[in-house]
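Only one structure is covered here, and it is reproduced in the block below.
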Amino acid sequence: MTNSIPEIENHDVIFVIGSNTTETHPIIGLRMKKAVKRGADLIVADPRRIDLVRSSSLWLQQTPGTDVALLNSIMHVIVKEDFIDKKFIEERTEGFESFKDSLDEFTPEAGERITGVPKEKIVKAAFLYGDAVRPGIYYTMGITQHTHGTENVYAIANLALMTGNLGRESTGVNPLRGQNNVQGATDMGCIPDFYPGYQRVDVPGIKQKFEKAWGVKLSDKPGLKAPEMIRAAIEGKLRALYIMGENPILSDPDVRHTINALKNLDFLVVQDIFLTETAELADVILPSACYAEKNGTFTNTSRTVQRIRKAVEPPGDAKADSYSISELGKRFGYEMNYNLMEDIFQEAKKLWPALVGVTYKRISKAGLQWPCPTLDHPGTPYLFKGGFPRGRATFTSVRYRASEELPDNDYPFLLSTGRQLFQYHTGSMTRRVDAINMVSPGAYIEIHPDDADKLNVRDGDIVKVTSRRGSLDIEVMVSERPLKGLVFIPFHYREAAANLLTNTALDPVAKIPELKVCAVKIEQSNK
Amino acid sequence: MVTLKIDGKKVTVRKLSTVLDAARKLDIPIPTLCHHPELSPFGGCRLCLIEIKGYPKPVASCTTFAKEGMEIITASPSLEKLRRTTLELILSDHPKDCMVCERAGDCKLQELAYFYGIRENRFEGERRIYTKKDNNPFVAREMEKCILCGQCVRICDEIQGVGAIDFAYRGLKTKICPPFEKDLDCEFCGQCVSVCPTGALTGKMWAHKGRQNFKEVETVCPYCGCGCNLTLHVWRNEVIRVSSKEDTINEGWLCAKGRFGYGFIHSPDRLAKPLIRTAPKEGVDLNKPQNSSRFTIHDSQFKEVSWDEALDYIAVKLKETKEKYGSDAVGGLSSARCTNEENYLFQKFIRAVIGTNNVDHCARY
Amino acid sequence: MNKDIAIKVCAGTGGVASGGEEVLSAFRNSISSAGLEATIYEKCSAHRVGCRGFCAKDVLVDVIINGEKTTYKHIKPDMVARIFDEHIMKGNPVTEWIVGEAYFNFHNKQTKVVLSHCGEIDPEDINAYIAVGGYKAAKKAFASMSPEEIVDVVKSSNLRGRGGAGFPTGIKWELGLRIESDIKYVICNGDEGDPGAFMDRSVMEGDPHAVIEGMIICAKATGSHHGYIYVRAEYPLAVKRLQMAIDQCKQSGFLGNNIFGTDFGFDLKIFQGAGAFVCGEATALMRSIEGKRGMPTPKLWRSAEKGLWDKPTVLNNVETFANIPRIIMNGANWYRNLGTDRSGGTKVFSLSGKVKNTGLIEVPLGVTLRDIIFDIGGGIEGEKSFKALQTGGPSGGCIPAEFLDTEVDYESLAQVGSIMGSGGMVVLDETSCMVNTAKFFLEFTQAESCGKCTPCRIGTKRMLEILERITSGNGKEGDIELLEELGHHIRATSLCGLGMTAPNPVLSTLRYFRNEYESHIRDKKCPAAVCKDLITYSVLEEICNGCGACKRACPADAVRGKRKSPHRIDPEICIKCGTCFDACKFKAIIKI
Ligand SMILES: Cc1cc2nc3c(=O)[nH]c(=O)nc-3n(C[C@H](O)[C@H](O)[C@H](O)COP(=O)(O)O)c2cc1C
Ligand code: SF4
Ligand code: SF4
Ligand code: FES
């Protein structure tokens, strides 16, 4: 997020696109509702009638996968109505003119044709956002889990840049990170092309810095991204995998493909708190401590580094993940000994200036938002105040591209997957909480009433859902939420794992799979 | 800004502050039961009465704006008598089962009864009776303990935007319930539980787990990216309750997962020993229930080993792979559920020890 | 035959209930079959109630031939033929059915402003209203008055809110005018939740256009373009007539956009309330319109600043609005001079209880209670003596005989421990037990308490429990003091007017009739012989002739005795139902 959570309530316009915020980020959802109470206009762009629609002043129900067209046509109107911020464009960006031309074809009419959103609504969205003083854009996987996810993100950035809506309080672009410490894992360099602090592995000076700090020679070849590792495993290029606290079998697209990949490995280590689906294929399983059993820090979606503290002892011989990593290092003859958790944090800080001001002591009560470069720095609630780190921000013209796999005669429905309020991710934690299971006992497929009529199915019926990759049996939930022709399955449930159906097609840049769009057919089940 | 005098002390507060806000600024205690700083003013309990010079009668400080030059008295024999009588009235319609009440020791009503030393009650009389409808797994509702402060109703409507409960009926029979007095069926965020000043609303899973001598540990929620601050209540190595404080980034609000989703910590399914595979890999039978794996798979395919054995084995296998196929044949997937420190160590291990940049995590899903 | 015939039939709620519609159609049929022309009006409810003694039992009919009015009482459909034959055709009124002198006394001592149209014009016809000068005031306000001028007139008329609290209407409007806002509301409070009250209903049913005209003038004065009339759903006739009136106004261009040809718009809607007493309270009423539970909210802001949906709102009572057109037309002075220094104009009361003439009355403020009870009301029924006057509805107080010369207005009633309230007046005579009366009213307020605040919700219940204890003979020493303490506590600490006034019946009876409480508690006796648990029935042996009527009537077989010799009631078995008391023709049974 470029803004911070408390800033949400002071937006005058909130544009939520591809984020079912109240279910996936409930507390951020509350802030949005608070903003609405204080008079903000909420624009929701979502193919489903998500809960936020109730609080919105405008709902754009676009066909999944058409976000670029939607955003471009909104920007078309913004240019036409001259809502652009000329001073901002001039002083802080580049490439506006050619980008502007790229919008020509995206008239509201064209937008309507591609997205299914009436052109009046596109215009209204442009007026609302264009006229706003402190607008914020919010998105999550509904934007990124597409083969053109990167383009979606560029389009959003363009919108904010052309209106100068970045770098001010309660004004900015805010991707919401789905899991408690995705931000931290990325910050800490658990990505194949960056060391901690977003420092590229293939930039010479940087590599040397890390080699010096760590006392070893490092590789300057960017590594494989997670979906690429799965592919490499199938191809036999990746032979051993060490998974710490992940459950790709349920979370990655095309379960069968993932299972085959993991089975194909010579050696799989899974370190987790439960015997997950993925662990079932492991050669060695290491029992770890959960969040309540260890010390350390998490970084939330608004870059706030916060303390977590050990409250109870882990069960049996389970140990914090740091133990096994250090011990393994030792067995390779590489000492990774730290007396205190904070020592590790200290080491990371030395390599990433943005964290220097953060100490366990300073964050003992409330967290600090990075960048926080000095010990007396108050943290940074919103980014890009004075300018962009790389000088000027560039406009990137993006074309609309259809999703990889669209419904056709054989597979007439468009399937989106996602989350639901009570369960979390692959369910390894929440599905072990009895109370949660009582209110959210099993998987379901949301089907629009008209489609249900056509299929002759009713609430509670079991249907068989099939894609080119697999099929599953699942209970029907007839609901006005999805658009006609769109069906939705939450991915938390092992017994009806939505990812049996999904497509492994990736965004070419971010390598994020297209989990929001694939084609399925639905039949009466014989179960 | 307005300046006023409370109990002889001057205080300056922002316009549209209430007299109660002003008094709190001076740290002058005024008893309240229905006031909540984040919720709309209610003025129901009538405990926060104060006297303002020139006003004919006492007024509720929580619902009176501070005005320039006001002179306020927050404690006088007559005010204390009014408060005492009001408390007596509340207690006359309240069960006396503090002995077994989940909130004893943490109940605003009990505390006030203690301060005002209310033992006998001159107003014993009819009490409300409720038929319990309480099958939901999260919120225990003992509504005869409800003092109708309305905080639950307001939080559900004003903060959560759900409006699952409201006042119903009139007179002494007034109660708070879901429509048609059905069982609660809502988002189960438990926000209502968090603001209830009495034992009327509690977490079901808290029951009989301990009210005292627990340790409070401040930490962060293990679920979504909001980073809500949690307070774990720990009693003898068990997390018995989760709450959140008002002065946190989440303002004390939590969702059902954050507030009630802590049971997995002590799940019998937790892995407790390193395991090494003893049988060839089968597939993954997705039809088995999600929470049964430990017992069904554990014994047939794995054996428990010591940490040293497991780690030695891993080291051997990884070295072997590295030597045979090169560093890039090894990969590591880390986790968004692990700490920054662990993630740092993990990537350092993969990069510095294994010698590859094949490290990633689940940001993409 | 060349006669100008007009027939007015009472067709208010009560009139309809007692066959008004049938009487009306009987007249219509007779007239049309005789080939005559006649104007037929349905009369409004005001007369129905205004002469309760007559038409509460049956239907009241005015027959006006060539301007000469004859009023009949107790008319049923089968009586129409005779009136038609003898009076209308032959010119001989049916004297035995004509109303008596009391009817005229009842009317002549009143000053009718608000009720002047009720019973005179057809409430369902806008033209009837226009014919008596209707909408002239609104037109005047739109054509030639600035908002400030309207406010000034209302201010100097000394009109005060008729909903009970008596807040000066002009000042309220002035606040409404001064606050700036894109949206403002005008609300008419027609909730009228007091049991037995029907003044507002009578006005809404009998003269709906006057209320609407008042609201239109208020809209102009305060710059509001949206209005609501809040009527309880139990008043279907009022809802119907108001809706008809609104529709007619829209057609005539008096409501909607561009009213009276100006660019001013005023949109008026009816909101039907669920009928809780507390919904009459202004803030609860607004919450109710907002779709929330009708529960009073603390007055951090005045409604004129933040009312309905947090927008500036002027809320007035039905009667308040109905006065406005007259004030605009006849001038502030005229109205002010009708009343006292402190409050101008007239007030409608509903007079009931143990007086001879019960019904709706309208009198100038400042008349004495004595005038109302003895002149208009015709004095106490039977040969009983006056004991107290209960005013102000369920949360009013009881005023004893010594204060009968009190001049009625807001302050004077408050001084003697009661309130004006919405204008209920219940006359109590020596057969009323004051403890029981207080209990009766408290039962109502307790049941209607919205439950929000502690003193009202629990406190009134505890007071009620003490009263129950006292009236059932279980009163204890200290109960009176406890009642007083609680009463003052509730009055001082409640959030809204309901709670603040709920103890009034108890506190005022404690003030004036404390001895009755003491008898109940100490002597276990009810001096008025009302409280069942405290009375015993016995037979006066000197009078009893042993007819056995009581014995036959007693449902509990508690009467013993041989025929023709004095009987006796077994107190152990007697259930105190009083059947024997009524059955004895010789007054040989007494209750003490
Ligand atoms: C419990 C309670 C009930 C009330 N009921 C009514 C009512 O039925 N009608 C009414 O006009 N005012 C009622 N009021 C008074 C209103 O709150 C308000 O003062 C009044 O409608 C304002 O109009 P006015 O200034 O024209 O009197 C009630 C007040 C209370 C406290
Ligand atoms: S349940 Fe608790 S929070 Fe709700 S009104 Fe009753 S006492 Fe207050
Ligand atoms: S005084 Fe009674 S009616 Fe008024 S707010 Fe309090 S409980 Fe409700
Ligand atoms: S805190 Fe003010 S009335 Fe309850």
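Using beta carbons and a limit of 6 Å, which pairs, at least six apart or on different chains, have the first residue in the range A:294-305 and facing another protein chain (nearest Cβ under 7 Å) and the second one among the acidic types (Asp, Glu) and buried (at least 24 other Cβ atoms within 10 Å of the Cβ)?
Going by the 6 Å Cβ cut-off, the qualifying pairs are A:Gly296/B:Glu341; A:Thr299/A:Asp187.
Please enumerate the residues belonging to the range C:129-185 that are touching a His at 6+ places or on another chain (Cβ under 9 Å) and touching a residue at least 40 places away in the same chain (Cβ under 8 Å). Before you say what the answer is, go through the steps one by one.
Taking the range C:129-185 and keeping what is touching a His at 6+ places or on another chain (Cβ under 9 Å), we get C:129-130, C:132, C:134-135, C:183-185.
Within the range C:129-185, C:Tyr129, C:Gly134, C:Tyr135, C:Ile183, C:Lys184, C:Tyr185 meet the criteria.
Show the residue pairs that are 6+ apart or on different chains and have beta-carbon atoms under 6 Å apart, the first residue being within the range C:259-282 and modelled with pLDDT of 95 or more, the second being among the acidic types (Asp, Glu) and part of a helix (DSSP H, G or I).
Note: no pairs meet the criteria.
Each row is one residue, and each column tells you yes or no for (1) in a helix (DSSP H, G or I); (2) within 8 Å of chain B (Cβ to nearest Cβ).
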| site | (1), (2) |
| --- | --- |
| A:Ile230 | yes, no |
| A:Gly236 | no, no |
| A:Leu241 | no, yes |
| A:Glu246 | no, yes |
| A:Ile249 | yes, yes |
| A:Pro253 | no, no |
| A:Ile259 | yes, yes |
| A:Lys263 | yes, yes |
| A:Val269 | no, yes |
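Does any residue of the range A:441-456 turn out to be over 19 Å from A:Gly18 (Cα atoms), within 11 Å of chain B (Cβ to nearest Cβ), modelled with pLDDT under 85 and surrounded by fewer than 20 Cβ atoms within 10 Å (Cβ to Cβ)?
So far as the range A:441-456 goes, yes, one or more of its residues are over 19 Å from A:Gly18 (Cα atoms), within 11 Å of chain B (Cβ to nearest Cβ), modelled with pLDDT under 85 and surrounded by fewer than 20 Cβ atoms within 10 Å (Cβ to Cβ).
Can you report the number of residues in the range A:277-293 which are closer than 22 Å to B:Asn237 by Cα and more than 7 Å from chain B (Cβ to nearest Cβ)?
3
Which residue pairs have Cβ atoms under 7 Å apart, sit 6 or more places apart or on different chains, and have a first residue in the range B:141-169 that is in the same structural domain as B:Ala113 (by TED's automatic domain parsing) and more than 16 Å from ligand 3 (Cβ to nearest atom) and a second that is of a type in the set (D, E, K, R) and outside any helix (DSSP H, G or I)?
Pairs found: B:Arg141/B:Asp134; B:Met143/B:Lys175; B:Glu144/B:Arg127; B:Glu144/B:Arg128; B:Ile159/B:Glu38; B:Gln160/B:Glu187; B:Val162/B:Glu187.
Test C:Gly227 against the stated conditions and say whether it is in contact with a helix residue (DSSP H, G or I) (Cβ under 9 Å, 6 or more places away or on another chain), in contact (Cβ under 8 Å) with a residue 40 or more places away in the chain and within 16 Å of ligand 3 (Cβ to nearest atom).
no
Condition first: more than 16 Å from ligand 1 (Cβ to nearest atom) and facing chain B (nearest Cβ under 8 Å). Now tell me which residues in the range C:474-496 satisfy that.
Passing the criteria: C:Leu482, C:Glu485, C:Leu486, C:His489.
Exactly one condition in (1) crowded, with 20+ Cβ neighbours inside 10 Å; (2) within 16 Å of ligand 1 (Cβ to nearest atom) is not met by B:Lys57; state its number.
Here B:Lys57 meets the rest and fails (1).
Go through (1) closer than 18 Å to B:Asp21 by Cβ; (2) in contact (Cβ under 8 Å) with a residue 40 or more places away in the chain; (3) part of a loop (DSSP other than H, G, I, E, B) one by one and return the number of the condition B:Asn136 breaks.
(1)
Mind checking which residues of the range C:110-168 are in a loop (DSSP other than H, G, I, E, B) and within 19 Å of C:Asp341 (Cα to Cα)?
Residues satisfying the conditions are C:Thr111, C:Val113, C:Ser157, C:Asn158, C:Leu159, C:Gly161, C:Arg162, C:Gly164, C:Ala165, C:Gly166, C:Phe167.
Could you grab me the full set of residues in the range C:242-271 that are among the hydrophobic types (A, V, I, L, M, F, W, C) and in a helix (DSSP H, G or I)?
C:Leu242, C:Met244, C:Ala245, C:Ile246, C:Cys249, C:Ile259, C:Phe260
Please count how many residues of the range C:491-518 are within 11 Å of ligand 3 (Cβ to nearest atom) and of a type in the set (Gly, Ala, Ser).
So the answer is 4.
Can you tell me which of (1) acidic (Asp, Glu); (2) more than 30 Å from B:Lys303 (Cα to Cα); (3) touching a helix residue (DSSP H, G or I) at 6+ places or on another chain (Cβ under 7 Å) is the one A:Glu327 doesn't meet?
Answer for A:Glu327: the failing condition is (2).
Out of everything in the range B:36-84 that is away from ligand 2 (no atom under 16 Å from the Cβ) and aromatic (Phe, Trp, Tyr), what residue ends up being nearest to C:Ser494 (Cα to Cα)?
B:Tyr55
Which one is nearest to ligand 2 (Cβ to nearest atom), of the residues in the range C:445-473 that are more than 10 Å from chain B (Cβ to nearest Cβ) and of a type in the set (A, V, I, L, M, F, W, C)?
Step by step, filter the range C:445-473, then rank; the result is C:Leu467.
Kindly indicate whether any position in the range C:447-458 is away from ligand 3 (no atom under 16 Å from the Cβ), surrounded by 24 or more Cβ atoms within 10 Å (Cβ to Cβ), among the hydrophobic types (A, V, I, L, M, F, W, C) and outside any loop (DSSP other than H, G, I, E, B).
No, there is no match, as no residue in the range C:447-458 is away from ligand 3 (no atom under 16 Å from the Cβ), surrounded by 24 or more Cβ atoms within 10 Å (Cβ to Cβ), among the hydrophobic types (A, V, I, L, M, F, W, C) and outside any loop (DSSP other than H, G, I, E, B).
Which is within 15 Å of ligand 4 (Cβ to nearest atom), surrounded by 13 or more Cβ atoms within 10 Å (Cβ to Cβ) and closer than 22 Å to A:Arg38 by Cβ, of B:Cys48, B:Cys62?
None of the other options fit; the residue is B:Cys62.
Could you run through the range B:177-205 and say how many residues are more than 11 Å from the chain's Cα centre (by Cα) and surrounded by 15 or more Cβ atoms within 10 Å (Cβ to Cβ)?
Count: 13.
Can you work out which of the residues in the range A:315-346 that are of a type outside the set (Phe, Trp, Tyr) and farther than 24 Å from A:Cys290 by Cβ is nearest to the other protein chains (Cβ to nearest Cβ)?
Selected residue: A:Arg331.
Those residues that are of a type in the set (Ser, Thr, Tyr), within 16 Å of ligand 3 (Cβ to nearest atom) and in contact with an Asp or Glu (Cβ under 7 Å, 6 or more places away or on another chain), I need them from the range B:25-78; list them, please.
Correct list: B:Ser40 only.
Working carefully through the options C:Gly459, C:Gly424, C:Gly417, find the one that is within 16 Å of ligand 1 (Cβ to nearest atom) and farther than 18 Å from C:Asp194 by Cα. Outline the logic, then answer.
Numbers: C:Gly424 fails: farther than 18 Å from C:Asp194 by Cα; C:Gly417 fails: within 16 Å of ligand 1 (Cβ to nearest atom).
Answer to the check: C:Gly459.
For the range C:455-475, give me each residue that is without any contact (Cβ under 8 Å) to a residue 12 or more places away in the chain and not basic (Lys, Arg).
C:Ile458, C:Glu465, C:Asn474
Here are B:Arg294, B:Arg259: which of them is modelled with pLDDT of 85 or more and not in a loop (DSSP other than H, G, I, E, B)?
So the residue among B:Arg294, B:Arg259 that is modelled with pLDDT of 85 or more and not in a loop (DSSP other than H, G, I, E, B) is B:Arg259.
Condition first: in contact with a Gly (Cβ under 7 Å, 6 or more places away or on another chain) and surrounded by 22 or more Cβ atoms within 10 Å (Cβ to Cβ). Now tell me which residues in the range A:473-489 satisfy that.
A:Val476, A:Phe488
Looking at C:Arg293, C:Arg302, C:Arg241, C:Arg232, which one is over 26 Å from the mean Cα position of the chain (by Cα), away from ligand 4 (no atom under 16 Å from the Cβ) and either modelled with pLDDT under 95 or not assigned by TED's automatic domain parsing to the domain that holds C:Val153 (or both)?
One residue alone meets the criteria, C:Arg302.
C:Ala322 passes all but one of (1) touching a Gly at 6+ places or on another chain (Cβ under 7 Å); (2) without any contact (Cβ under 8 Å) to a residue 60 or more places away in the chain; which number fails?
Tallying (1) touching a Gly at 6+ places or on another chain (Cβ under 7 Å); (2) without any contact (Cβ under 8 Å) to a residue 60 or more places away in the chain, C:Ala322 fails exactly one: (2).
The values are calculated or read from the model by the stated rules, or taken from the named source; none is laboratory data. All figures in this text were calculated on a predicted structure; none of them were measured in a lab. Note that each Cβ is placed from the backbone with ideal geometry, even for glycine, and that neighbours are counted across all protein chains shown.
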